[in-house]
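Here is the structure we will look at.
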Amino acid sequence: MSTKELIISILENNKGQYLSGEIIGKNLNISRAAVSKAIKELKSSGYSILSVNKKGHCIPLQSNTLSSIEIKKNLKYCNEIIIKNSLDSTNNYGKSLLIENPSHGTTIIANEQTNGRGRKGRYFFSPKDTGIYMSIILKPELISLDNPLKVTIATAVALTKSIDELCNKNTLIKWVNDIYIDGKKIAGILTEATTDFESGTIQNIIIGIGINFNTSIFPEELLPIARSIFSKEDYSVNRNELIARIINEIMDIIGDLNNENIIKKYREKSFLIGRDIVFYEKENEVFAKVLDINEDGYLLVETTSGSKKTLSAGEVNIKW
């Protein structure tokens, strides 16, 4: 580890306590001047470090700064972790890495996104310091990929399990890729793939995940439909802990996409089964009731005219 990583590790292990530059220096066998320089650089990179004369340096107990060291401490797997202070989109950055042939499970995390994207190119509000914006690169040869939709479904199940168990929440899934708490969206998933033009085979899969962790201010148009897992100041876990848990759950589940328990859990968590919805068919508005989700993850609906349909893709809206 670099000097800065070692200093962060020491401060994280003593979170809430002030450690002098002298003590940190002795632990690392470096000078106080080297510690001060590293601390200054860490602060400029966005780390939340308090420095008080004659007391030393401290990471606050409620620190929510992204840290690859803290994420890796809780990982079951050897995922490469890349953290950036700001990106236009973690999925876009992930695509730019593909030329380097990144390893299965490589994870890109941003403290903010300036052009976060959802499905159909929709903008995903991604302010700094309060969200989780991450993308995981997967290699298709290492997963059973008979139905690409199952990647999104498995990710949604992994997200709900992580948030429910670690954050003590009760999440639901709006088919196919949104996570809700108390009727409002807290997270979305964007799964993208790159293909070989000649063979048509999928070469890489990028799972993009955006989560409102403790965002307190939303654009006016999002206020009726969006919320966060936690309030701005009141969170029982930090972003690093939740990110590690999400990565673990996804890596656990992604290797066996045909496991029948995935669809079973997805159904149990469905926000739509039994609800009236609206979807579009050749630009025509169709009203229907959701009957079930089949083994492939497709939505089974009955329209108001009495016909039954299977939706494998597309946008559905709840009819309140």
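The values are calculated or read from the model by the stated rules, or taken from the named source; none is laboratory data. Everything numeric in this text was worked out from a predicted model, so none of it was measured. Please note: Cβ atoms are built from the backbone with ideal geometry, for glycine as well, and neighbour counts cover all protein chains shown. Just so you know, the surface numbers come from the protein's heavy atoms only, side chains and all, with ligands and any DNA or RNA stripped out. Shrake-Rupley method; radii C 1.70, N 1.55, O 1.52, S 1.80 Å.
Data table
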item: Filter pass, Gly16 being assigned to a loop (DSSP other than H, G, I, E, B), small (Gly, Ala, Ser) and surrounded by fewer than 15 Cβ atoms within 10 Å (Cβ to Cβ); result: yes
item: Sole residue being modelled with pLDDT under 90, surrounded by fewer than 19 Cβ atoms within 10 Å (Cβ to Cβ) and polar (S, T, N, Q), chosen from Ser48, Ser86; result: Ser48
item: Residue that is least open to solvent (accessible area, probe 1.4 Å) [pool: residues in the range 254-264 that are among the polar types (S, T, N, Q) and not in a helix (DSSP H, G or I)]; result: Asn259
item: Near pairs, Cβ below 7 angstrom, 6+ apart or cross-chain, from the range 285-304 (assigned to a loop (DSSP other than H, G, I, E, B)) to any residue that is of a type in the set (Gly, Ala, Ser) and surrounded by fewer than 18 Cβ atoms within 10 Å (Cβ to Cβ); result: Tyr298/Ser312
item: Test result for Ala193, within 24 Å of Ile253 (Cβ to Cβ), in contact with a helix residue (DSSP H, G or I) (Cβ under 7 Å, 6 or more places away or on another chain) and small (Gly, Ala, Ser); result: no
item: Test for Ile153: is it touching a helix residue (DSSP H, G or I) at 6+ places or on another chain (Cβ under 8 Å), assigned to a strand (DSSP E or B) and at pLDDT 90 or above; result: no
item: Condition check for Gly25: more than 15 Å from the chain's Cα centre (by Cα) and in a helix (DSSP H, G or I); result: yes
item: Considering residues of the range 119-138 that are open to solvent by 20 Å² or more (accessible area, probe 1.4 Å), out of contact with any Lys or Arg (no Cβ under 8 Å at 6 or more places or on another chain) and part of a loop (DSSP other than H, G, I, E, B) only, the residue modelled with the lowest pLDDT; result: Arg122
item: Strands (runs of 3 or more DSSP E) completely within the range 163-226 that count 3 or more residues being among the small types (Gly, Ala, Ser); result: 184-195
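Yes/no per residue for (1) of a type in the set (A, V, I, L, M); (2) free of Cβ contacts under 8 Å to residues at least 60 places away in the same chain; (3) under 14 Å from Asn240 (Cα atoms):
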site	(1), (2), (3)
Ala34	yes, yes, no
Ile39	yes, yes, no
Ser45	no, yes, no
Ser51	no, yes, no
Lys55	no, yes, no
Pro60	no, yes, no
Leu66	yes, no, yes
Asn74	no, no, yes
Asn91	no, no, no
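This table checks each residue for (1) open to solvent by less than 10 Å² (accessible area, probe 1.4 Å); (2) in a loop (DSSP other than H, G, I, E, B).
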position	(1), (2)
Leu66	no, yes
Ile71	yes, no
Cys78	no, yes
Asn92	no, no
Ser144	no, yes
Ala158	yes, no
Lys161	no, no
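Results for (1) open to solvent by less than 20 Å² (accessible area, probe 1.4 Å); (2) part of a loop (DSSP other than H, G, I, E, B); (3) of a type outside the set (D, E, K, R), shown as yes or no for each residue.
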residue	(1), (2), (3)
Ser236	no, yes, yes
Leu242	yes, no, yes
Arg245	no, no, no
Asn248	yes, no, yes
Asp252	no, no, no
Tyr266	yes, no, yes
Gly274	no, yes, yes
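Yes/no matrix, rows are residues, columns are (1) polar (S, T, N, Q); (2) closer than 29 Å to Asn214 by Cα:
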residue: Lys43; (1), (2): no, yes
residue: Lys72; (1), (2): no, yes
residue: Ser86; (1), (2): yes, yes
residue: Tyr93; (1), (2): no, yes
residue: Ser103; (1), (2): yes, no
